[in-house]
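Everything below concerns the one structure shown next.
The values are calculated or read from the model by the stated rules, or taken from the named source; none is laboratory data. Small disclaimer: the values here were computed from a predicted structure and weren't measured. As a convention, Cβ positions derive from the backbone with ideal geometry for all residues, glycine included, and neighbour counts pool all protein chains shown.
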Amino acid sequence: MPIRKTYEFEGVTGAKVGRFNQGINTQFIVYRMGETVIDTGPSNQWRYVKQFLAQQPVEQLLLTHHHEDHSGNAHHISMAHGVLPRAPKLAQDKLATGYKTPYLQRLIWGSLVPVKTQTLREQESLADGSKIIPVHTPGHAKDLTCYFLPEQGYFFSGDLFIAKRLKLLRSDENLEQLLQSIQKVLKLDFDTLFCPHGGIIKDGKSALQEKLNNILDLCEKAQTLSKKGLSLEEVTHQLLGPEDMVAKLTGGNFCKTNLIRQGLHISLL
């Protein structure tokens, strides 16, 4: 499948790729600002990512975290453009050695091609000297690091945002940390959010605030039902409906129950 959609917004260009067309969790947008590329897209889409990146030189590649849809083509880009990617320190070992990719993720994205990286600095910059500030935002992954561009009012969100409503949670995600990370980012001064799954969101800060509110509201409802004596399964079914095919294909690794289970223990004070 060729590039599904292209984006252009005030100095930022993007290309959406993906083996499947089954919603935002099966597609990925590679963004670039001039010679700087943020995340790489999945390895099974290298043919199309390569086409997008061939439009002008790549001098800098910044990774948000180790997950294969974000880093899968880092090795290919490194070889094709002669750049040493920069990555969060917590991601570097997995990026260097690779890791076992669960079946569903491998089906959608392919696997990570191991790649050597250099550690992110406290501050990076674009070719014109404007600042790129890495912001550590654990929750979705321990190493997740987003990028804040204060002079442009841009925020590249990695997997912090994705959508305004959270319906599923991976077993290795930490909901409490995710909420803390969103609260941390909401203190930054930005307007436009660039999500590699959800696209370009012009009123990005408001959208992120809405996501926070929706999660807290879900946690409150779950805790209220639990106090009434409903089981975890009953609470999940009432608030989010029955588990779907994703839960079955991942053996419960990515499911609604994980979200409600953690939501029952979130402090709402």
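Scan the range 156-184 for residues that are surrounded by fewer than 22 Cβ atoms within 10 Å (Cβ to Cβ), farther than 21 Å from Asp244 by Cβ and within 15 Å of the chain's Cα centre (by Cα) and jot them down.
Asn174, Gln177, Leu179, Ser181, Ile182
Tell me which residues, restricted to the range 185-227, are crowded, with 17+ Cβ neighbours inside 10 Å and in contact (Cβ under 8 Å) with a residue 60 or more places away in the chain.
Thr192, Phe194, Cys195, Pro196, His197, Gly198, Ile200
Could you tell me which of the residues Ile24, Ile38, Ile29 is surrounded by fewer than 17 Cβ atoms within 10 Å (Cβ to Cβ) and under 15 Å from the mean Cα position of the chain (by Cα)?
Testing whether each residue is surrounded by fewer than 17 Cβ atoms within 10 Å (Cβ to Cβ) and under 15 Å from the mean Cα position of the chain (by Cα) leaves just Ile24.
Being assigned to a loop (DSSP other than H, G, I, E, B), under 26 Å from Ser71 (Cα atoms), modelled with pLDDT of 95 or more and under 20 Å from the mean Cα position of the chain (by Cα) is the requirement here; does Ala207 meet it? Steps first, answer last, please.
Working: assigned to a loop (DSSP other than H, G, I, E, B): no; under 26 Å from Ser71 (Cα atoms): yes; modelled with pLDDT of 95 or more: yes; under 20 Å from the mean Cα position of the chain (by Cα): yes.
It is false that Ala207 is assigned to a loop (DSSP other than H, G, I, E, B), under 26 Å from Ser71 (Cα atoms), modelled with pLDDT of 95 or more and under 20 Å from the mean Cα position of the chain (by Cα).
Counting only residues that are within 15 Å of Val113 (Cα to Cα) and free of Cβ contacts under 8 Å to residues at least 12 places away in the same chain, give me the strands (runs of 3 or more DSSP E) lying completely in the range 1-94 with at least 2 of them.
none
Among the residues of the range 235-269 satisfying the criterion of being in a helix (DSSP H, G or I) and more than 24 Å from the chain's Cα centre (by Cα), which is farthest from Glu173 (Cα to Cα)?
Gln238
Which ones in the range 247-263 are hydrophobic (A, V, I, L, M, F, W, C) and buried (at least 17 other Cβ atoms within 10 Å of the Cβ)? Spell out the reasoning first.
Taking the range 247-263 as the starting set, the residues that turn out to be hydrophobic (A, V, I, L, M, F, W, C) are 247, 249, 254-255, 259-260.
Across the range 247-263, the qualifying residues are Ala247, Phe254, Cys255, Leu259, Ile260.
Which of the residues that make up the range 99-157 are closer than 20 Å to Cys195 by Cβ, of a type in the set (A, V, I, L, M) and assigned to a helix (DSSP H, G or I)?
Within the range 99-157, just Ile108 meets the criteria.
Got a sec? Which of Ile201, Ile215 is in contact with a Ser or Thr (Cβ under 8 Å, 6 or more places away or on another chain), within 30 Å of Gly14 (Cα to Cα) and not polar (S, T, N, Q)? Spell out the reasoning first.
On the way: Ile215 fails: in contact with a Ser or Thr (Cβ under 8 Å, 6 or more places away or on another chain).
After applying the criteria, what remains is Ile201.
Considering each of Leu179, Leu193 in turn, give the residue that is modelled with pLDDT of 95 or more and assigned to a strand (DSSP E or B).
From the options Leu179, Leu193, the qualifying one is Leu193.
Provide a single number: the residues in the range 4-43 that are modelled with pLDDT under 95 and under 21 Å from His75 (Cβ atoms).
2
Go through the residues of the range 114-136 one by one and say whether even a single one is of a type outside the set (D, E, K, R) and under 27 Å from Ala247 (Cα atoms).
Checking the range 114-136: not a single residue is of a type outside the set (D, E, K, R) and under 27 Å from Ala247 (Cα atoms).
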